[in-house]
Amino acid sequence: MAKTTLFTNGRIFLSPLRPGQNAGLHTPPSFASCLLVRNDTILHVGSPQDEPIPTALLSSSSEEEGEVETIDLAGHSLLPGFIDGHMHLMIMGQSLTKLDLGSCKSLSDIRSTIRSYAASHPDVPRILCRGWMHSMTPDGVTAKDLDGLDMDGKDRPILVDTKDLHSAWCNTAGIRDLGAQEWKHVPGGTIERDAEGKVTGVFNEAANITYVWPYLARVATVEERVAAIQAAVEAYHSVGYTGAIDMAMDEGAWDALQELRRRSSSEKQGIPLRIAAYWLVKPGKDDEENVRQVERAIELARQFNSETTPDCRIVGVKVICDGIIDGCTAGLSEPYEHNGHREVPLWTAEQLEPVVKRADEAGLQVALHAIGDETIKTVLDVLIAHASPERRPRVEHLELSSERDAERLGKAGITASIQPVHADPAILRAWPKLLGTHRCGRAFAYREFADHGAPLALGSDAPTAPHAPLPNVYVGATRRSYREPDSQTTVNPHFALGVCEAVAAASQGVAYSCRDENRIGRLEKGMKADFTIVDMDWEKEKLKEAKVLETWFDGKKVWSAKN
């Protein structure tokens, strides 16, 4: 028997644009008042007087159609289910159980926080932490800074992730547990050592990805990895997500995801989150090793795609082409202001070209991480030359772009995959020192990307930043801090997005970016019944007060604030 649900008396968000377009800064939202769902599909969006509504109510008495359940939205907004345009699924779930150092201001704070946690968690085999920022420890760190923090008689490994996941820091016991003294140099990475060549406990960029990430996957059991993904899905439901793009998929996370799929399928329910994944290509010793990783993505995409497994598929490859500004590892056209240093690129254009060419000719999308202006220029050169526009190539982050490259991005139709939560003023206090104020004026130029025609896809980069979509929209539209709500500081407000524009980019825009815009991302007849019910005011300054009330996936309620 069909299940039919009628949602009435609401503000049902109607997208003002076609997929691949941006709404613009001043476009106001428009709404319908009711939405009709049958099973997992939207039947109608409009007003109670529209013909499909009374027809559905009249036919509800038949055995075949069944009763129509009517839900009064009480004036609340009903939005398309949000889709996180850039996140890390398993790592996100694992982060939920790590010690959060995000509120620390100094090394002393970090040590005190870890010492207290160690005393209150005597049974965990390792002390895993997240949220460290280089600005908390401006004089640098070594393993010795984390030694002696455990309970008397214990010396457990302590491993600390940076907020951005580009670096890791451990104690002496952690160096032993990692086996790090035996590690060799990897292209695009650094293993910090002392004057005698001994490992000091800090691993950056490709060294972190190549050694530390697999270690964390290895020491976690299959059960723990599966539980982490399940926890991430539940956390995402609670803030209004019905889909996500994993932007650094690897073997460990993929195996855990497939195990969760098997278990969910045996229970005849599936994973209630639509997942598209980009396979991480790590810097290899030569082109052959790099392209071999692309071949693995191609192999998986033949098995897991929009035809065979539309809600869990491999859609492309992802390459991390530079680091981050806070770690002074982003590729800049001018030296860093405070030390005169220029970062060596993680990938040169010559190294990227065979990866991009092979992925593109196989029908995969290409996503290139680029934060600094020099790296942004390089990846645009490569994508414009070697990636087919119909594949919808994308650039991740785009934190410090030149005006010229903002225009090139838009004219080429390359997706701007952006994370407004990274533009929160509360985490950018070190930038004037690192970049100089003259370059800070080019930070997070979202308005330019949109006005030049680049499709926008909003993401969170969780767990490197808060994952909730409405705070993301708030920062994008106001350029103010969500972390410090009383702060009046703004970051380049002339680059702000419109509220309607940002909401669409966080749903329809993300669906378009991974070529799924004909199923999800909009509230229209024939689309999947994925949506979230929100108590919100549409004024941008009041978005930080918005509250998700319910999340619906495939026409079923999967989360409620009441529960």
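Applying the criterion of being at pLDDT 95 or above, surrounded by 12 or more Cβ atoms within 10 Å (Cβ to Cβ) and part of a helix (DSSP H, G or I) to the residues of segment 114-135, the residue that is farthest from the chain's Cα centre (by Cα) is A119.
Only one entry of Q269, Q258, Q303 meets the criterion of being within 26 Å of F553 (Cα to Cα), of a type outside the set (G, A, S) and modelled with pLDDT under 95, and that entry is Q269.
Yes/no matrix, rows are residues, columns are (1) assigned to a loop (DSSP other than H, G, I, E, B); (2) without any contact (Cβ under 8 Å) to a residue 60 or more places away in the chain; (3) open to solvent by 30 Å² or more (accessible area, probe 1.4 Å):
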residue	(1), (2), (3)
L35	no, no, no
L57	no, yes, yes
G66	yes, no, no
T70	no, no, yes
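Please name all residue pairs, on different chains or six or more residues apart, with Cβ atoms under 9 Å, provided the first residue is in segment 225-248 and is within 14 Å of D530 (Cα to Cα) and the second residue is of a type outside the set (A, V, I, L, M, F, W, C) and assigned to a helix (DSSP H, G or I). So the pair list comes out as V239/P469; V239/P471; G240/P469; Y241/P469; T242/Y236; G243/Y236; A244/Y236.
Let's see how each residue does on (1) of a type in the set (D, E); (2) farther than 28 Å from T437 by Cβ; (3) within 19 Å of the chain's Cα centre (by Cα):
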{"position": "E299", "(1), (2), (3)": "yes, yes, no"}
{"position": "F304", "(1), (2), (3)": "no, yes, no"}
{"position": "E307", "(1), (2), (3)": "yes, yes, no"}
{"position": "P310", "(1), (2), (3)": "no, yes, no"}
{"position": "V315", "(1), (2), (3)": "no, yes, yes"}
{"position": "V319", "(1), (2), (3)": "no, yes, yes"}
{"position": "I324", "(1), (2), (3)": "no, no, yes"}
{"position": "A330", "(1), (2), (3)": "no, no, yes"}
{"position": "P335", "(1), (2), (3)": "no, no, no"}
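When the residues of segment 469-528 are filtered to those that are free of Cβ contacts under 8 Å to residues at least 24 places away in the same chain and touching a Lys or Arg at 6+ places or on another chain (Cβ under 9 Å), the one that is surrounded by the fewest Cβ atoms within 10 Å (Cβ to Cβ) is Q488. Here's a check for you: in segment 1-20, which residue that is within 27 Å of L456 (Cα to Cα) and surrounded by fewer than 18 Cβ atoms within 10 Å (Cβ to Cβ) is nearest to the chain's Cα centre (by Cα)? Within segment 1-20, the match that is nearest to the chain's Cα centre (by Cα) is G20.
Among the residues of this structure, D537 counts as one that is without any contact (Cβ under 8 Å) to a residue 60 or more places away in the chain and in a loop (DSSP other than H, G, I, E, B). Which residues, counting only those in segment 88-99, are surrounded by fewer than 22 Cβ atoms within 10 Å (Cβ to Cβ) and either closer than 30 Å to D516 by Cβ or not hydrophobic (A, V, I, L, M, F, W, C) (or both)? L96, T97, K98 - these are the residues of segment 88-99 that are surrounded by fewer than 22 Cβ atoms within 10 Å (Cβ to Cβ) and either closer than 30 Å to D516 by Cβ or not hydrophobic (A, V, I, L, M, F, W, C) (or both).
Quick one: is T532 open to solvent by less than 20 Å² (accessible area, probe 1.4 Å), among the hydroxyl-bearing types (S, T, Y) and outside any helix (DSSP H, G or I)? Spell out how you get there, then give the answer.
On the way: open to solvent by less than 20 Å² (accessible area, probe 1.4 Å): yes; among the hydroxyl-bearing types (S, T, Y): yes; outside any helix (DSSP H, G or I): yes.
So T532 fits the description; yes.
The residue list R176, R111, R156, R218 contains one member that is assigned to a loop (DSSP other than H, G, I, E, B) and either basic (K, R) or touching an Asp or Glu at 6+ places or on another chain (Cβ under 7 Å) (or both), which is R156. Only a single criterion out of (1) open to solvent by 10 Å² or more (accessible area, probe 1.4 Å); (2) under 17 Å from the mean Cα position of the chain (by Cα) is not satisfied by E448, namely (2).
Which of the residues belonging to segment 262-312 are hydroxyl-bearing (S, T, Y) and not in a strand (DSSP E or B)? Across segment 262-312, the qualifying residues are S264, S265, S266, S306, T308, T309.
Would you point out which residue out of R313, R292, R358, R296 is of a type in the set (K, R) and free of Cβ contacts under 8 Å to residues at least 12 places away in the same chain? Steps first, answer last, please.
On the way: R313 fails: free of Cβ contacts under 8 Å to residues at least 12 places away in the same chain; R358 fails: free of Cβ contacts under 8 Å to residues at least 12 places away in the same chain; R296 fails: free of Cβ contacts under 8 Å to residues at least 12 places away in the same chain.
Result: R292 is the single residue among R313, R292, R358, R296 that is of a type in the set (K, R) and free of Cβ contacts under 8 Å to residues at least 12 places away in the same chain.
For K562, are the conditions met, namely being open to solvent by 30 Å² or more (accessible area, probe 1.4 Å), in a helix (DSSP H, G or I) and of a type in the set (D, E, K, R)? For K562, the condition - open to solvent by 30 Å² or more (accessible area, probe 1.4 Å), in a helix (DSSP H, G or I) and of a type in the set (D, E, K, R) - is not met.
The residues listed here are G102, G85, G81; of these, the one that is open to solvent by 10 Å² or more (accessible area, probe 1.4 Å), touching a strand residue (DSSP E or B) at 6+ places or on another chain (Cβ under 7 Å), in contact (Cβ under 8 Å) with a residue 60 or more places away in the chain and more than 17 Å from A217 (Cβ to Cβ) is G102. Those strands (runs of 3 or more DSSP E) of segment 350-445 in which at least 2 residues are among the charged types (D, E, K, R) and either under 18 Å from L458 (Cβ atoms) or open to solvent by less than 40 Å² (accessible area, probe 1.4 Å) (or both), considering only elements entirely within it, cover 394-397.
Checking each residue in segment 326-335 for being surrounded by fewer than 24 Cβ atoms within 10 Å (Cβ to Cβ) and at pLDDT below 95 picks out D326, G327, C328. Looking across E196, E223, one residue alone is among the acidic types (D, E), open to solvent by 20 Å² or more (accessible area, probe 1.4 Å) and in a loop (DSSP other than H, G, I, E, B). It is E196.
The values are calculated or read from the model by the stated rules, or taken from the named source; none is laboratory data. What you are looking at is a predicted structure, and each value in this text was computed from that prediction instead of being measured. Don't worry about glycine lacking a Cβ; one is built from the backbone with ideal geometry, like all the others, and counts go over all protein chains shown. Protein only, heavy atoms only, side chains kept; ligands, DNA and RNA dropped before computing areas. Shrake-Rupley method; radii C 1.70, N 1.55, O 1.52, S 1.80 Å.
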